[in-house]
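The values are calculated or read from the model by the stated rules, or taken from the named source; none is laboratory data. Not measured: the values here are computed from a predicted model. Cβ placement follows ideal geometry from the backbone for every residue including glycine, while neighbour counts extend to all protein chains displayed.
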Amino acid sequence: MNLAWDRWILDTELADFVRQLCLLLPESPILRDVGRADGTIVFVKLMDSGRLVAHGIPCRAKTAPGQHYWPASRFAAPLITPEVSVSLDRTPTGGLRLSANCLCREDSPCIHAQAAVVKLACEMRPGLREFLQDDVAMASCLVSATAAGVLQDLDADVIPSAGLAVRHDWEQAQALIYRLSRDRNGVLSQLSLSLAPILKSGSFSTARESVVEPSVLFDLFGPGRGSAHYNYELNLRAHAQPVDHRIAKQLFLSGALGDGTAISLHGLDASGGWWDELTRCGRLKIEDGATRAFETGPILGLQTAWCRSPEGRWRLTPSLDDGAMLVPTAPPKYVHETKGTAGPVIGEWSRALGSLIRNTEGLADSDLAPVRAHLLQRQMHDVAPPEVIVVDGGQVVPCAVLEFSWVPDEAQFDGSRSFRYRGEGRAKLLLHFEYAGVEVRDPKGSTVESWSGNTKTVYQRDTKFERSCLKTIKDGCGRAKTSGLTVDLGRLDYFDEEAVGRLVRFQRQSVPVLIEAGWRVKLSTWWPGRWVRPVDFETHFGDEEKGWLDFSMTAKVDGYVVNMLEVLRQVLENEEILASLADGSEGSWSFKIDNGYCVVMTRAELAGLLPLLKVLRVDETSGKARITRFDVGALEAAESAVDLRFKSSSALAKIAETLQAPPRELPYRTEMALQRPARIYQSIGAGWCAARRGLGLGGVIADEYAVGKTLQTLLTVYDAIEETEAPTPSLIVVTKTLFYEGRWQSDITAFLPDFRAVQIGSGRFSRRLDSLEGAHAVLTTYDVLAYYAEAFAAVAWNVVAFDEAHRLGNPATKLYRAADALRARQKIAVTGSPMQNSPRELWAIMNLTVPGLLRERAWFNKAFPRLHVVPTLGTEIAPGLQVEQAERANIARLRCLGKMIGPYQLRRTNKDLGRTLPPVVTVERRIALPQWQANFYEGLRVSTKAHLEAMLGQDVSLPANKMHVFSVLLGLRQAACDPRLVKGIERLATKESSGKQAALQEICEEFTADGKRVVIVSEWTEWLTLIASDLMAVGVEAESLTGKLSGPQRKSAIDRFRSGEAMVMLLQLNFAEGVELPEGDVLVVAEPWWNEKKIEQAIARLRRDERDKSITVIRLHVPGSVEEGVKRIALRKLDDIEAVNEGGVVGSAALSAEDIEAFLGLAEREDRD
């Protein structure tokens, strides 16, 4: 034995020693039955760790080897005692801890170990046996097991590390999460706990939280009795952090750890420091918000106010400055979730105040007076309820409200309260009255109360009016049962069409009469007649202000006048509805309005109203909708879709009348000036421009090729000469090729010899521009306009006409800015294809000719967004159905755009005008690559594919990378035509011709031998040069028309082809706009081009008149190559253009991963492998 243990046991007061023993063995029957404790202590030893170890053996019974010992009872000393070893450990504050090892294999400390400890203590301390048998003395020492564990650890003031559970590797780490919840008064009065798994990112999985009862926190500083309080698979102590131990201990000392599911914070002592630990631990969240740590915020003041709920109950509601939420501890605290701060609150907090705030039921109106008197008597003036002020409101005119209700049987509902199928239910008419906004559903009573703050206004009920309304309903329903203000129409089966029809007819007949009498009508959710088509559409316009007019559109729904703009604005926000409007198919959509009705409209009606909805600009503050005086096209589309009556303003009426009127005939002066008569449709085109010029507007002449847009433009300019008091010249801007070819000058001489036009090419620009007196027009090129932009902008022009105006499709260019800066009475864009690639080009041209029609650029880009379905190679961002829906919604938008610009775009085809042009025979010629070229292409394709995947893998934004993708694919396109075009590749040591090179030579030799002239079009000047060299080697004379030629050189090349000196014309696509080659018989498209409209324009160069011949178009392409993808994109763009011009079907012109794979020619080449 160790002397220290002897002295400690002997020096300790006997009562204190017994208390330590009771804390060590709480509720142990051995303490009350010491005399029956048996066994012999063999030895006592002090270990190096400081523990006292005792070993005991049986004293009365021995057993055979292998036989086990067991206790006879859990509440008495054992009859047979097994071998047991016990050890005692002293805490820093003098307490005892016990560990034991017994052959009975029960949980430690078992009853045998307890007996051994008591026997050891009795042998070491005289008088202990007698004290343990004294019931009076023991009464003050005995404690419960829960209190023993808590007090022992609190006395020790240490966390028992030996008792902490060990978390195995297979167990996922978890953390204790604290949640503050609000009560119905908005006070954060509940603190609940949960265990949440810790994710790899360091955050917590809220979806897998498990609730922890507050009483379980005992286990964080007790001996580990988790199973006594809760049944969790994981021990809480294995996942708690030191801060959780401190919070749990302080909450226990504050008396907060009860048996409920959450800790009530009302009046809870927050001075122990647990609040600061809680807000800074990083695992506190407000209700369902994110866990976070809260910083210390400033001190806030507490205010309280009495509020009356809609149910008529009064509650004292606390509030804090700046949107913070109150925590009703003592002293009170606050939490600001948005700012992430927590801090103290200034304001007196008492039990009475907390009781008033916790008043969940609220006070009735009759309770206010006694509660107010009681609080005033206690000098609690700040929280006393207000004194009610009663005002006599007299008698007001009530409004009768009738609700048509059908309630399905309860069996028809599923668990989510959604209607599973139509079946039986009960139809009712529910009548109530509204007095100054207060609903009255009880037929009894003579007054109605209306509350505003603490003021109660009392109105007298008009019982005579109520009885007459009820009689009206009864008379209309015949012998239906009536209960109070409810009329029971009987049971109804939704499948009974006859019964439902009678019910709906009753509604249709009665509702208009009731509305006319001043009633209001509502329809319940399941009422069968709630789906109604609107009728009697009307539009109303306000006065014009800065080009804008207030606009509203109403319709009648079952007698109600409904604001249809608010209803139909849902169309713009719903991609599913927009997608359904793309193909003009039958069907309808319904839109719910406030009184329960569902407005039903067909898809055709919605498609017609869509342009009007697009152009509306709604003020978010006032809710007013406005349109511009240019939006005649949108109004025309709406008028054709529904029976729309216009109550128009004078300004809009004048514009609509002018634009819709048939174009006037040419003035007599213009007709007399014509050397050769113009065709009727050309005169109509000039009159169409004149009508818009009279309104200060421009337009787009978008007629098909060979209709005569040049003459229409000249007639428009000539017609405008006499419209001003001081005639000013007009400006005609053309391409360089047309300028030097002299096309416009030839037409002026042929049709209007008196028309004086000044040509300004490049030299002597200033002198020519200054000497315009007597000139009717100035003819110049786009290059000159861009270079001398300021000089042209200084002149006030009469009419400005842009030939081949699709060159102005990019607002970011210097040329566009020069055109936009021109001042003129009217601007006319002349082009057969104002949109070649995207709707943004159309916006640019319309912004020049009719500024304001398509609003500002930002609005247009948002209203008509680009459609990018797949952003990266081989990666889809949406399911196929969603992609198709997005594409179809884009279709509807583009068709809507075509209707918006309709009054300002003149588009007529040769077919519409009855003109017969030479027929076109198209031949698709598949080119087989020779082996050496195929090997070269395949090697380049593999390296290009790897480069594209690497590039798109770094930046997933395909729209931003599109130009890079095109530049990378350029080499593949050139390799499919002729490897000599590929840059950065060593010259191949072969004299063999490429596949297309051989085909072109064969085509030219074949057709020129028959006396036919051939036009070859290509994108690349270098290839045209190589083709010319190859043709010259076989004796075929060819001329080239490219951007490298000057104006006179271009004219010379065209003249040689027309005269027959050269039988082949090599035409570069981008520099042949406006060129007419009617002498050509064959057009060869050397490689597919992105824009199919360019190819159509090239074909049109050969079909300029009604000659008796046919045009052969030969398209060369290499199957399974990059050219397949180019063809796909070209066809989609052509569909978009036709949709805007003619309202056809639209495809997506966006670049997708499928397109890139088609560029790379993966499909066919993988099949070959």
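Things worth noting here:
- Test: residue in region 176-193 that is in a loop (DSSP other than H, G, I, E, B), in contact with a His (Cβ under 9 Å, 6 or more places away or on another chain), crowded, with 17+ Cβ neighbours inside 10 Å and modelled with pLDDT under 80: no
- Selection count, region 370-408, where residues are farther than 30 Å from Ser524 by Cβ and either of a type outside the set (Gly, Ala, Ser) or without any contact (Cβ under 8 Å) to a residue 12 or more places away in the chain (or both): 23
- Selection of first residues in region 252-269 that are farther than 17 Å from Ser181 by Cβ and at pLDDT 80 or above and of second residues that are of a type in the set (Phe, Trp, Tyr) and not in a loop (DSSP other than H, G, I, E, B), restricted to Cβ pairs under 8 Å at least 6 apart or on distinct chains, gives the following pairs, ordered by first then second residue: Phe252/Phe218.
- Qualifying residue in region 465-472 (condition: under 19 Å from Leu402 (Cα atoms), surrounded by 12 or more Cβ atoms within 10 Å (Cβ to Cβ) and among the charged types (D, E, K, R)): yes
- Comparison of Val571, Val521, Val567 shows that the only residue that is surrounded by 14 or more Cβ atoms within 10 Å (Cβ to Cβ), without any contact (Cβ under 8 Å) to a residue 40 or more places away in the chain and aliphatic (A, V, I, L, M) is Val567.
- On inspection, Gly584 passes the criterion of being surrounded by fewer than 16 Cβ atoms within 10 Å (Cβ to Cβ), under 30 Å from Glu887 (Cα atoms) and under 32 Å from the mean Cα position of the chain (by Cα).
- For region 233-256, the set of residues classified as more than 29 Å from Leu199 (Cβ to Cβ), assigned to a loop (DSSP other than H, G, I, E, B) and among the aliphatic types (A, V, I, L, M) consists of Ala256 only.
- In region 212-232, the residues that are in a loop (DSSP other than H, G, I, E, B) and at pLDDT 75 or above: Glu213
- Contacts under 7 angstrom Cβ, first residue in region 610-629 being part of a loop (DSSP other than H, G, I, E, B), partner surrounded by fewer than 18 Cβ atoms within 10 Å (Cβ to Cβ), 6 or more apart: Lys624/Asp550; Arg629/Glu544; Arg629/Gly547; Arg629/Ala651
- Between Ala786, Ala775, Ala791, the distinction of being without any contact (Cβ under 8 Å) to a residue 60 or more places away in the chain, surrounded by fewer than 19 Cβ atoms within 10 Å (Cβ to Cβ), assigned to a loop (DSSP other than H, G, I, E, B) and of a type in the set (A, V, I, L, M) belongs to Ala775 only.
- Residue pairs meeting the criteria (Cβ under 7 Å; at least 6 apart or on separate chains; first closer than 24 Å to Leu217 by Cα, in region 135-150; second at pLDDT 70 or above and not in a helix (DSSP H, G or I)): Val143/Pro26; Ser144/Pro26; Ser144/Glu27; Ala145/Pro26; Ala145/Glu27; Ala148/Pro26
- Residue in region 1046-1066 that is surrounded by fewer than 23 Cβ atoms within 10 Å (Cβ to Cβ), of a type outside the set (Asp, Glu) and under 52 Å from the mean Cα position of the chain (by Cα) present: no
- Residue in region 347-362 that is surrounded by 14 or more Cβ atoms within 10 Å (Cβ to Cβ), touching a Pro at 6+ places or on another chain (Cβ under 8 Å), at pLDDT 80 or above and within 16 Å of Ile299 (Cβ to Cβ) present: no
- Considering residues of region 462-517 that are out of contact with any helix residue (DSSP H, G or I) (no Cβ under 9 Å at 6 or more places or on another chain) and of a type in the set (Phe, Trp, Tyr) only, the residue nearest to Glu424 (Cα to Cα): Phe495
- Residue check, Thr628 loosely packed, with under 15 Cβ neighbours inside 10 Å and not charged (D, E, K, R): no
- Only listed residue being within 37 Å of the chain's Cα centre (by Cα), in a strand (DSSP E or B) and in the same structural domain as Ser254 (by TED's automatic domain parsing), chosen from Val345, Val335: Val335
- Criterion (out of contact with any Phe, Trp or Tyr (no Cβ under 6 Å at 6 or more places or on another chain), in a loop (DSSP other than H, G, I, E, B), at pLDDT below 90 and among the small types (Gly, Ala, Ser)) met by exactly one of Gly490, Gly476, Gly445: Gly445
- Residue list for region 282-319, filter: of a type in the set (Gly, Ala, Ser), in a loop (DSSP other than H, G, I, E, B) and in contact with a Ser or Thr (Cβ under 9 Å, 6 or more places away or on another chain): Gly282, Ala290, Ala293, Gly297
- Strands (runs of 3 or more DSSP E) wholly inside region 521-585 that include at least 1 residues being among the aliphatic types (A, V, I, L, M) and in contact with a helix residue (DSSP H, G or I) (Cβ under 6 Å, 6 or more places away or on another chain): 548-557
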